[in-house]
Amino acid sequence: MIGPRPLAGPGHKVPGFPAHPGVARRGSLVPVGFLATSGSLVDLAAFAAVGPFRTDYFIDGVDLEWCYRAWARGYGCWLEEATGLHHHVGSGTIRGPFGLAMARQPLFRMATYLRNAVYGLRLPHLPARWKLRQAAYLPVQIGLYWADSGFRPRVLLRLLEALRDGLAGRLGPPRDLPKTLPGTSPAPATPPSETRP
């Protein structure tokens, strides 16, 4: 997979993609552990060998899990530094002490992120360095998100339920998924007929 360098709009945190150790860059292509699928190109032969994206992850961590699976199977994910694409999550940024920052997003999306991150701790192809970082970072993110919500008990309970679901391996669409996602319109009852090439 080759993807563009992420650019963030005003008030948004730029997504960060960690370098993949032990692999040299090739010109403007930088080997990264994972990157966003938005605007990325995937080699079809590699996709067939690595396998499809996990639908049970439902949004968050789909690209992360796939890229680490690709590296584990002899393929890789590369960031094209010379090409940029605006990419952000949520409606802004939650800022904490010591320069900490995370995306401000709906509760169902934050819960899905936490669930999938916890579930990823049990996957053998996700590297130990990522697991250690997540184990340290997830409690901080929970605290920042809860504080940003005004310390509402309902929010903390939902996040703790997400952690439990991740440990238990209960994936798929979250139960509190809105019928219409923010920034979208409801799907038509009957899809329009069209011819696709």
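Values quoted throughout were computed directly from the atomic coordinates according to the rules given, and no laboratory measurement underlies them. Since we're looking at a predicted model, the values are computed, not measured. Using ideal geometry, Cβ is built from the backbone for each residue, glycine included, and neighbour counts are taken over all protein chains shown.
Side notes on the structure shown:
- Derived from the Cα gyration tensor, the three semi-axes of the equivalent ellipsoid of the range 53-146 are 23, 18, 14 Å, largest first.
- When the Cα convex hull of the chain is projected onto planes of every orientation, the mean area is 13.7 nm².
- Interchain or long-range residues, amide H under 5 Å from residue 93's placed H: 104
- FRET efficiency, residue 177 to residue 72 (Cβ-Cβ, R0 30 Å, nearest 0.05): 0.50
- Highest-fluctuation residue, 169, 76, 22 considered, GNM on the chain with Cα pairs under 10 Å: 22
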